[in-house]
Amino acid sequence: MPMDRRANMVRLAPADNVAVALSDIAAGETALDRAELQLTARERIPQGHKIALQPIGMDDPIIRFGMPVGLAKAAIDRGALVHIHNVRSRYLDNEVDHYE
Amino acid sequence: MSDAPAHSMAAIPRIDLGRMRGYPRQDGRKGIRNFLAVAYLVECAHHVARRIAEPFQEQGAQLIGFPGCYPSDYAHRILDAMCTHPNVGAVLLVSLGCEEFRRSDLKDAIARSGRPVELMVIQDRGGTRSTIEEGRAFVAAELMRLKAAPTVPLMLSDLTIGTKCGGSDGLSGITINPAVGHAFDLLVDQGATVMFEETPELIGCEQHMAGRAVTPELGAALIAAVAKADAYHRELGHGSFGGGNIKHGLSTIEEKSVGAYAKSGSRPIVGLLKPGDRPGRPGLHLMDTVNDGPVKLGIPNINDTQTVTEMVASGCQLIVFTTGAGSVVGQAIAPIIKGVSNSRVFQRLSDDIDVNGGTIADGQESIQEVGEHILRKIVALASGEQSRSEALGHQEFALAYKSYEPAGPACFPLG
């Protein structure tokens with residue numbers, strides 16, 4: 001089954017505490033998946049980026065596809081963007097990265 | 001392994017395989033192309049080799065080579081594998097003359113494989129101009145012969161296919177990569193040989209992979225290969241996670257890994273290859289892309305093209321390459337099919353991309369449907385159709401210094 005047309009985010013596994021934006025979600029916009037999940041984006045979530053589905057405590061794991069993909073390096077609010085500013089690797093962080 | 005996930009054969013979608021044709025080789029393998037490889041054996045011979053190939057690059061002359069002057073068993077092994085690859089029907093070696101590459105050994109190995117081969121040493125042939133002239137005469141004559149070569153019917157089980165991602169984004173692991181995984185499942189069920197790669201981009205997935213290994217010993221070898229990659233990159237101070245990934249939504253190497261891993265599909269893992277190893281049996285293999293031993297000779301794979309080149313050296317006649325940011329690369333010896341994770345980049349780079357996985361995020365197609373598009377594209381290429389990168393003349397090739405020990409017995413448990 002294709003994903004629902006109206007859904008603008010997807011939770012990949014039931015235990016995930018983040019969802020992935022399927023299209024750009026504006027600050028204040030409603031984020032919803034094809035099932036029952038619904039919340040308000042606190043800030044802009046660009047396509048392919050992660051949104052917190054629940055409050056995530058400092059040092060708690062970020063769970064995507066049922067697998068830990070990093071640790072929170074700050075407390076993260078529900079509806080907030082989850083990215084390098086609040087996530088660190090359990091393996092190797094690249095301190096210096098260059099992109100334009 | 002007994003607890004490996006059970007799977008059922010996926011139904012093969014209705015795809016006409018009847019037009020697939022291959023070029024039979026002496027070793028029993030079949031090529032989907034009949035290329036002539038022009039190979040330079042040191043950077044100092046690169047210009048002459050390029051000028052020899054240039055007028056014929058639309059007709060099947062492919063430029064490959066190794067820039068180093070110091071000896072390298074690894075580079076020798078890879079170039080040997082390229083020159084005796086099923087997609088290659090004849091070879092011209094171009095040497096300056098004083099580099100340390102064992103050019104006569106390479107020429108002999110190519111001749112033993114049943115392929116026409118010529119070795120031209122620039123220092124013995126009067127320099128640039130005369131070597132280019134003589135080289136072009138050889139290439140022109142051989143291309144005529146290759147064009148007339150007979151073909152035989154080709155089955156999916158005759159194919160060895162690799163997959164690689166480059167410029168992954170936050171949608172790669174949701175759209176195009178699982179679609180490749182579905183295509184790989186269909187291929188494995190039809191008896192094909194497939195491989196995925198880049199142990200540094202599987203960090204965090206090692207336990208799950210081990211659970212898919214056909215023996216506990218292979219599972220342990222898979223875990224050790226990823227641990228080696230992690231340790232190697234820690235020592236280097238820079239992992240396989242970069243600015244482009246961050247820009248497009250990935251936050252850590254382990255998040256990138258989960259997405260990259262989706263390309264491998266769901267079938268059991270039957271072997272662990274080092275670059276140039278030929279899979280001894282069909283099924284899904286992992287390629288170990290990191291040097292053995294202490295950190296030396298620099299970054300293991302300097303770019304996507306070197307990793308692709310290593311899979312081609314292990315016999316892939318075709319590569320499925322996925323991207324989020326948008327890659328345009330091809331490969332000199334094995335055609336590349338490119339799939340993209342999002343419709344925005346598909347529209348921006350539509351000339352370069354063969355398959356759009358963005359339709360999955362857009363709610364228009366399922367992972368299975370896009371996987372079937374990929375399989376159809378594979379069949380079309382094996383029936384003579386050109387991929388986008390081929391049609392645009394891409395012939396990327398990269399080879400740098402690396403060092404490997406031979407693979408251990410645990411790596412090929414089923415022989």
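Throughout, read-outs are computed from the coordinates displayed, never taken from laboratory work. Worth saying up front: this structure is predicted, and the values here are computed from it rather than measured. No Cβ is skipped: glycine too gets one built from the backbone with ideal geometry, and neighbour counts run over all protein chains shown.
How much length is gained if the chain between B:ARG21 and B:TYR70 is pulled fully straight, taking 0.36 nm per residue apart and subtracting their Cα-Cα distance, in nm to one decimal?
Working it through step by step, the gained length comes to 13.6 nm.
What translational diffusion coefficient, in µm²/s and rounded to a whole number, does the Stokes-Einstein relation yield for the protein assembly as shown at 4 °C and a viscosity of 1.567 mPa s, taking the hydrodynamic radius as the Kirkwood radius over Cα pairs? Numbers along the way, then the final one.
Values: Rh = 23.6 Å.
Translational D for this selection: 55 µm²/s.
Which GluC sites (Glu not before Pro) in region B:361-412 sit in a loop by DSSP (not H, G, I, E or B) and have at most 15 other Cβ atoms within 10 Å of their own Cβ?
Listed in order of number, the matching sites are B:GLU385.
Could you tell me which of B:PRO13, A:GLY48, A:VAL20 has its Cα farthest along the dipole of the protein assembly as shown towards the positive end, charges placed at Cβ (Lys, Arg +1; Asp, Glu -1), taken about the Cα centre?
Working it through, the farthest residue towards the positive pole turns out to be B:PRO13.
Compute from the Cα atoms of region A:9-88 the Rg and the Dmax, the latter being the longest Cα-Cα distance, and quote both in angstrom.
So, for region A:9-88, Rg and Dmax equal 11.2, 30 Å respectively.
Taking the DSSP beta bridges in chain B as the whole, what percent of them are antiparallel, to the nearest 5?
If we restrict to bridges inside chain B, about 10 percent are antiparallel.
Excluding residues fewer than 8 places away in the same chain, name every one of the lysines whose C-alpha is closer than 20 Å to that of B:LYS296.
By straight Cα distance, B:LYS296 reaches B:LYS228, B:LYS274, B:LYS402.
Which of the GluC sites (Glu not before Pro) found in region B:69-122 are in a DSSP loop and have at most 15 neighbouring Cβ atoms, other than their own, within 10 Å?
Those satisfying the criteria are B:GLU100.
So which trypsin sites (Lys or Arg not before Pro) in region B:49-128 end up in coil per DSSP with only 16 or fewer other C-beta atoms within 10 Å? Before the final figure, lay out the partial values.
Working: sites: B:ARG50, B:ARG51, B:ARG77, B:ARG102, B:ARG103, B:LYS107, B:ARG112, B:ARG125; in loops: B:ARG102, B:ARG125.
Counting only loop positions with at most 16 other Cβ atoms within 10 Å, the trypsin sites (Lys or Arg not before Pro) in region B:49-128 are B:ARG102.
Less than 14 Å Cβ to Cβ from B:THR128, Lys/Arg counted +1 and Asp/Glu -1: what total charge do the surrounding residues give?
Numbers: positive: B:ARG50, B:ARG51, B:ARG125, B:ARG129, B:ARG136; negative: B:GLU54, B:ASP124, B:GLU133, B:GLU134.
Local net charge: +1.
Give me the number: length gained by fully extending B:ARG376 to B:GLN364, i.e. 0.36 nm times residue separation minus the C-alpha to C-alpha distance, one decimal in nm. Walk me through the intermediate numbers first.
Numbers: separation 12, 0.36 × 12 = 4.32 nm, distance 1.85 nm.
Roughly 2.5 nm would be gained on extension.
Modelling each spin label as a point 7 Å along the Cα-to-Cβ direction, I'd like the B:LEU392/B:GLN207 distance in nm, to one decimal.
Once both label points are built, they end up 4.1 nm from each other.
If the convex hull of the alpha-carbon atoms of region B:35-147 is projected onto planes in all directions, what is the mean projected area in square nanometres? Please report the intermediate quantities before stating the final value.
Working: hull surface 24.1 nm².
Convex hull of Cα atoms, orientation-averaged projection: 6.0 nm².
Would you please give the residues with an amide H less than 5 Å from that of B:GLY22, counting only those at least 5 places away or on a separate chain, with H modeled from the backbone geometry?
B:VAL152, B:LEU154
Once you put a point 7 Å from the Cα of B:GLU385 and another 7 Å from the Cα of A:GLN54, both along the Cβ direction, what distance in nm separates them?
A separation of 4.7 nm, rounded to one decimal place.
If you take each beta carbon of peptide A:66-78 and count the beta carbons of other chains within 10 angstrom, what is the mean? Spell out each step's value before the answer.
On the way: counts 2, 9, 5, 12, 7, 1, 0, 0, 0, 0, 0, 0, 0.
For peptide A:66-78, the averaged partner shielding equals 3.
For the pair B:GLN57 and B:GLU235, how long in nm is the line joining their label points, each one 7 Å along Cα→Cβ?
Reported label-point gap for B:GLN57 and B:GLU235 is 3.8 nm.
Calculate the FRET efficiency for B:GLU100 and A:ALA27 from the Cβ-Cβ distance with a Förster distance of 60 Å, rounded to the nearest 0.05. Walk me through the numbers on the way to the answer.
On the way: r = 61 Å, r/R0 = 1.01.
Taking R0 as 60 Å, the efficiency between B:GLU100 and A:ALA27 is 0.50.
Along each of its three principal axes, how wide is the spread of alpha-carbon positions in chain B, in whole angstrom units, largest first?
61, 49, 42
May I ask for the net charge around B:GLN62, where only other residues with Cβ less than 14 Å from the Cβ of B:GLN62 are counted and Lys, Arg are +1 while Asp, Glu are -1?
-2
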